[in-house]
Amino acid sequence: MGRQRAMTTAVSTVVDEIPSYDIFGIFDGLRLAKLLEERLCRLVKEEVTACHGRGVAADWSKVTRSCFSEAVGTVRSTAAKAVVTIVGKEEVIVLCSGGARAVLYSQGGISLPLCDIHRHHSDVDQKLKIHKRTMIDDFIVLACEGLWDVVSDDDTYRLVKSCLYGELPDGCKSESSSTKAAVILAELAIARGSKENINVIVIDLRSSTVS
């Protein structure tokens with residue numbers, strides 16, 4: 001996982017706290033980030049525990065509805081924008097209500113958008129997407145429009161692939177490869193003149209420690 005904070009949006013990560021699942025998200029503001037992080041942790045734990053006991057698959061639609069409805073009621077806004085990626089051993093679940101874009105990249109540079117940015121400011125719908133993980137999945141990039149406006153999917157794939165699976169300079173050894181990839185993407189967007197929010201999270205699926 002890697003991240004770069006900037007401007008008005010906020011990022012949140014929950015790693016090694018929920019059996020079999022890690023959570024990564026970009027939110028419209030620090031308050032919403034805190035609210036959704038707390039609720040998601042609770043709801044995902046409850047759902048995973050309940051489903052494990054019954055031997056059935058998790059109902060991610062229920063988690064999505066519950067999480068966003070609670071957040072909307074608390075922040076008193078019907079346009080609570082957030083993109084959350086829940087990474088499990090066998091699946092990736094994306095909960096999307098706008099504000100950022102999530103793309104899964106596979107070997108060969110294949111890009112699969114999991115969530116697109118809602119550029120209007122009116123009420124937004126919550127969308128759910130579930131991707132069954134495969135052996136060719138490389139990594140996921142979650143980022144605000146400040147990145148995607150100026151950096152293409154092809155450029156993103158080449159840069160992140162080099163950071164994750166190539167040789168890093170000696171000065172970068174203190175940082176994780178995914179953290180370095182997120183920082184470099186944000187710096188590239190700034191260098192190309194982006195004026196929008198540039199929060200970035202990189203999730204390395206090949207080295208995922210979810211267990």
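Some observations on this one:
Yes/no per residue for (1) modelled with pLDDT of 90 or more; (2) among the aliphatic types (A, V, I, L, M); (3) in contact with a helix residue (DSSP H, G or I) (Cβ under 6 Å, 6 or more places away or on another chain):
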position: Cys96; (1), (2), (3): no, no, no
position: Ala100; (1), (2), (3): no, yes, no
position: Pro113; (1), (2), (3): yes, no, no
position: Ile130; (1), (2), (3): yes, yes, no
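- Residues of segment 31-68 satisfying the condition of being in contact with a Cys (Cβ under 7 Å, 6 or more places away or on another chain) and charged (D, E, K, R): Arg39
For every residue, the table says whether it meets (1) more than 17 Å from the chain's Cα centre (by Cα); (2) in contact (Cβ under 8 Å) with a residue 40 or more places away in the chain; (3) in a helix (DSSP H, G or I).
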{"position": "Glu17", "(1), (2), (3)": "no, no, no"}
{"position": "Glu38", "(1), (2), (3)": "no, no, yes"}
{"position": "Ala50", "(1), (2), (3)": "yes, no, yes"}
{"position": "Ser61", "(1), (2), (3)": "yes, yes, yes"}
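- Asp28 modelled with pLDDT under 85 and closer than 23 Å to Ala143 by Cβ: yes
The values are calculated or read from the model by the stated rules, or taken from the named source; none is laboratory data. Fair warning: this is a prediction, and the values are worked out from it, not measured in the lab. Glycine gets a Cβ as well: all are built from the backbone with ideal geometry, and neighbour counts include every protein chain shown.
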